[in-house]
Amino acid sequence: MTGTIPLQYFLIISTLMFFTGIYGFLTRKNLITMLMSIELILNSVNINFVAFNRYLYPDNLHGHFFSLIVIAVAAAEAAVAIAIIINIYRNFRSIDVDKVDEMKF
Amino acid sequence: MNSEILFFLLSGMIVIFSILTVTSRRILRAAVYLLFVLVSTAGLYFMLNYNFLAAVQLTVYAGGIIVLIIFSILLTSHISERAQMAGKFQGLMSALAVIAGATLTLITILNFSFPGKSGIESPSDVKAIGRALVSYNENGYALPFEVVSILLLAAMIGAIIVARKENLAVKNTKK
Amino acid sequence: MIDYTYTLLIPLIPFVVFLFTGLAGHKMKPMTSGLIGTTGLFAVTILSYLTAIRYFWTDHVEGAGYSSLKAFEIQWLHLTEKLTINLGVLLDPISVMMLVVVSTVSFMVHIYSLGYMKGDTGFARFYAFLSLFTFAMLGLVLATNIFQMYIFWELVGVSSFLLIGFYYEKPSAVAASKKAFIVTRFADLGFLIGILMLSFMTDTFDFQTLVSPTGPAMAQAGGAAFLGLSGITWALIFVFMGGAGKSAMFPLHIWLPDAMEGPTPVSALIHAATMVVAGVYLVARLFPVYSMVAPDALHVVAWVGGISSLFAAIIACTQTDIKRVLAYSTMSQIGYMMLALGVSGYGGHDGLGFMAGNFHLFTHAMFKALLFLGAGAIIHAVHSNDMRDMGGLRKYLPITHITFLIACLTIAGLPPLSGFFSKDEILVAAFHSNMPLFIIEFAVAGLTAFYMFRLYYSIFWGKDTHYHHTPHEAPATMTIPLLILAFGAVFSGFLPFHELVTSDGLPFEAHIEYAVAIPSVLIGILGIVIATLMYRKVSTSPAKLANGFGSFYTWAYHKFYMDEVYLFMTKKVIFNYISRPVAWFDRHIVDGFMNLIAHVIERSAYLIKGFQSGRIQQYGYVFVSGTIVLVIIFVYLW
């Protein structure tokens, strides 16, 4: 199905997605949108793994399983992060990252 | 030709919705844009012939994480609420860094000559994947599988503890 | 070697009694704890006498001389291979003699206190402290090494502190106990320095090694000099400083008169008979070292003793508190003993002073304890310390009167009472070696007779004071010790000390030198006669005499303003010119340096704390751009 599409295309997509995620992480104030940016980053990495697996080492499934595990970790991470965010919201009445700076100095 | 059109369609969706995700001022919309990105990524997996992975992507990401995020958005903010963005200076600096990073990476990718395929394609149907997940030989993943199971369990317990309403610390100080 | 291991029991019994009555004393009747203490001391006394008899007579080979022997010794602390501290029991003539003195006087005081302290709220506590003191004093006496001696030396200091401050509700008693503790502790600092110097030079704490004529101490005779005196001389002078503090020698005597705030039996035991002679005992213990390698230190001892005895005798003539008169008398008599040791030589007839000093220590313990216990009986009857409140008491207190008179005659040095023999030996020793000191002591002998009989007449004769209630004789528990001690005071002079307690352990011939003895008896009688004329009947002559001396009398009455000098020295000089600058230095230089460091760190932390902003996006930005820069450097530029 991917006969004429070179590997580089996947990598370019993944790169754009990755840096978009980073941009979001650096500019969003809301903790939940920051979490969403992190999901973007993880997803871009998954694309890389899968594309390398398919194009360079099709005789095994290492990249494939790596992606699978990353998805599991991302799910766990999202659950814990959202728990923390809810807790923060309870204590600060806000999920603005600039307001949660008790640990400074 | 069809596959190329499909690929450009999917990658275009991914790039556009990614940017919308991180720039949209409405959080709920941002979540929906993220959903589109993830679904498009699943389409890429289908194109690469990893059907099981694409299915997992759809169920876990689109079905699980996005729902969780939407729930938490509804818990912590109003639907009409506009998200705060960073100041202009911070935004500019971040954009510069991101553009520099992206440029660097793209130059590297385009200048690098990747080796060709090696060996024959291994099957990636559900039967093969299931066997690989529980076998412990050279291409088996029993140990990562178990570790991830334990991680998920720990995350589940941790999430419950953290998000619980009564605060243990408060209880202790009251004593 | 004959087995003397049982002597270990002598200090241990009072210790056990102390623990028992101290911990369980409040649970039982007061009299029970008193009886337990007295019984324990009775056993100690029996053992001491048994030891003395065995050591001096039954186990002694005729003509062999008395050597020192270790009845018991264990290693107590093992600090390094060379530095170990032992505990043990050392028996030699002076320690056996001191055993007898301490146990006798302590036993008498225990019996006496049964009557004297009766009904006192702290009765059990009092007996616990008495036992502690007895334990400490016996441990000091029996010490096998100078460090053990130091440990027990501090212990007697503590128990003295506890007993002086026994009436802790009285501010004056608290102040007196503090004063005694601080002054003696200050002196003990010198003692400790002396011990360290001595052991540094000789590599040993052990007495037997130290005093051995071939031992390491003797090799130090010509050692390095400082201010014209060799190192070991300085060490011994420092050791003597500790002894002078404990024995209330001038100028460290100021605590002793104040220490009379304690109960009278305590004054008899600690501040007359036993603890205050610890300094004498210390010098006697190290006497061979003093004598052979540091004669200069011995001169210091002699002169300090002589000056103290004269100084105290003059003050004693002017005081009106009977216990203070006795306290200064004690100081004067201890000055005698120090002087005797100081003028003594080593071995044979040259060691007459050594023998005489110890002899006087022995007889003095008897008659001074008797005097204090008699004074206690008088205070018990009159409820006052001041001799101006007394007079004509001979009718009411017959037994106290007789025993007190005997003690006064003894201390005045009339033959054949014990004081005559011991004092005469001291005068002879001084006569042969140091004429100025002899003249001082000769004058002090007259003064002693004078002030003792001034005291005696003021209490028992003189004006017929009217008392609120008729004074009555003390109970039997108090009079029996008086009689026993009176017996000791009369007859202890006949003990053949020149055969038993000598500097080198060998007996020598001693005889009364009439050229010294007759004048000294005469001056004693002269003192008595003057006192009789002035104080037997109420007369104006004492006031006239006082006026005749003018300001000198006032000076003596105010104890030559020694306390004021000390207060001036400490408060004005030391506090202002030493403590203040030191405090200033500490506050501004030492603390200031620390504060400066803290300030610098705080400032620099303030400067860099902005990095720790708590803003996760800032961290993320730094991380990302840092990574990009590193990638550029390492991938493309390297």
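How many residues are under 18 Å from B:Gly87 (Cβ atoms), facing chain B (nearest Cβ under 7 Å) and in contact (Cβ under 8 Å) with a residue 60 or more places away in the chain if we restrict to region A:29-43?
2
Answer yes if at least one residue in region C:492-510 is open to solvent by less than 50 Å² (accessible area, probe 1.4 Å) and at positive phi, and no otherwise.
So far as region C:492-510 goes, yes, one or more of its residues are open to solvent by less than 50 Å² (accessible area, probe 1.4 Å) and at positive phi.
Hey, can you tell me all the residues within region C:3-31 that are open to solvent by 70 Å² or more (accessible area, probe 1.4 Å) and of a type in the set (Val, Ile, Thr)?
C:Val16
Being out of contact with any helix residue (DSSP H, G or I) (no Cβ under 9 Å at 6 or more places or on another chain) and not in a helix (DSSP H, G or I) narrows it down to one residue among C:Gly614, C:Gly626; which is it?
Answer to the check: C:Gly614.
Looking only at helices (runs of 4 or more DSSP H) that fall completely inside region C:184-285, which ones have 1 or more residues that are in contact with a Ser or Thr (Cβ under 9 Å, 6 or more places away or on another chain), within 29 Å of C:Ser113 (Cβ to Cβ) and at pLDDT 80 or above?
C:231-246, C:255-258, C:264-268, C:278-285
Please pick out the residue among C:Phe431, C:Phe438, C:Phe404 that is open to solvent by less than 60 Å² (accessible area, probe 1.4 Å), of a type in the set (Phe, Trp, Tyr), in contact (Cβ under 8 Å) with a residue 40 or more places away in the chain and within 29 Å of C:Ser308 (Cβ to Cβ).
When all the criteria are applied, what remains is C:Phe404.
For region A:44-66, how many residues meet the condition of being within 7 Å of chain B (Cβ to nearest Cβ), out of contact with any helix residue (DSSP H, G or I) (no Cβ under 6 Å at 6 or more places or on another chain) and under 21 Å from B:Phe17 (Cα atoms)?
0
How many of the residues in region B:65-81 are open to solvent by 30 Å² or more (accessible area, probe 1.4 Å) and within 7 Å of another protein chain (Cβ to nearest Cβ)?
Residues that pass the stated criteria total 2.
Residues being of a type in the set (A, V, I, L, M) and either open to solvent by 20 Å² or more (accessible area, probe 1.4 Å) or more than 7 Å from every other protein chain (Cβ to nearest Cβ) (or both): count how many of those fall in region A:2-21.
The qualifying residues number 2.
Do we have any residue at all in region A:61-69 that's of a type in the set (A, V, I, L, M), at pLDDT below 90, on the phi < 0 side of the Ramachandran plot and open to solvent by 30 Å² or more (accessible area, probe 1.4 Å)?
The answer is no, given that none of the residues of region A:61-69 is of a type in the set (A, V, I, L, M), at pLDDT below 90, on the phi < 0 side of the Ramachandran plot and open to solvent by 30 Å² or more (accessible area, probe 1.4 Å).
Across region B:13-31, what is the number of residues that are surrounded by fewer than 21 Cβ atoms within 10 Å (Cβ to Cβ) and in a helix (DSSP H, G or I)?
Total meeting the criteria: 8.
Find the residue count for region C:77-110, including only residues that are free of Cβ contacts under 8 Å to residues at least 12 places away in the same chain and either assigned to a strand (DSSP E or B) or of a type outside the set (S, T, N, Q) (or both).
6
Those residues that are farther than 25 Å from B:Leu28 by Cα and within 9 Å of chain A (Cβ to nearest Cβ), I need them from region B:82-107; list them, please.
B:Met93, B:Ala97, B:Ile99, B:Gly101, B:Ala102, B:Thr105, B:Leu106
From the set of residues in region C:229-243 that are open to solvent by less than 10 Å² (accessible area, probe 1.4 Å) and among the small types (Gly, Ala, Ser), which is nearest to C:Thr330 (Cα to Cα)?
Checked region C:229-243; the qualifying residue nearest to C:Thr330 (Cα to Cα) is C:Gly243.
If the requirement is being at pLDDT 85 or above and buried (at least 24 other Cβ atoms within 10 Å of the Cβ), which of these qualifies: C:Leu155, C:Leu47, C:Leu138?
Unique residue meeting the criteria: C:Leu138.
Give region A:26-70 a look and list any residue that's within 12 Å of the chain's Cα centre (by Cα) and more than 30 Å from C:Arg615 (Cβ to Cβ), or say none.
Residues satisfying the conditions are A:Ile47, A:Ser67.
Between residues in region B:111-137 that are within 7 Å of chain A (Cβ to nearest Cβ) and residues that are small (Gly, Ala, Ser) and in a helix (DSSP H, G or I), which pairs lie under 8 Å by C-beta distance while being six or more apart or on different chains?
Listed by first residue and then by second, the contacts come to B:Ser122/B:Ala128.
Could you tell me which of the residues C:Leu417, C:Leu393 is in contact with a Ser or Thr (Cβ under 9 Å, 6 or more places away or on another chain), crowded, with 18+ Cβ neighbours inside 10 Å and modelled with pLDDT under 80?
C:Leu393
Quick one: count up the residues across region C:167-204 that are farther than 19 Å from C:Leu252 by Cβ and within 18 Å of the chain's Cα centre (by Cα).
0
Look through region B:32-64, keep the residues that are of a type in the set (S, T, N, Q) and more than 9 Å from chain A (Cβ to nearest Cβ), and return whichever of them is surrounded by the most Cβ atoms within 10 Å (Cβ to Cβ).
B:Ser40
Does region B:72-84 include one or more residues that are under 14 Å from the mean Cα position of the chain (by Cα) and more than 16 Å from A:Arg28 (Cβ to Cβ)?
No, region B:72-84 contains no residue that is under 14 Å from the mean Cα position of the chain (by Cα) and more than 16 Å from A:Arg28 (Cβ to Cβ).
Looking at the structure I just gave you, is C:Ala412 buried (at least 19 other Cβ atoms within 10 Å of the Cβ) and touching a Cys at 6+ places or on another chain (Cβ under 9 Å)?
No.
All but one of (1) of a type outside the set (S, T, N, Q); (2) within 30 Å of C:Leu414 (Cβ to Cβ); (3) in a helix (DSSP H, G or I); (4) open to solvent by 100 Å² or more (accessible area, probe 1.4 Å) hold for C:Val538, so report the exception by its number.
For C:Val538, the exception is condition (3).
The values are calculated or read from the model by the stated rules, or taken from the named source; none is laboratory data. Everything numeric here is computed off the predicted structure, so don't read it as measured data. Because the Cβ atoms are built from the backbone with ideal geometry, glycine has one as well, and the counts that use them run over all protein chains shown. Side chains included, ligands, DNA and RNA excluded: accessible areas come from the protein's heavy atoms. Shrake-Rupley method; radii C 1.70, N 1.55, O 1.52, S 1.80 Å.
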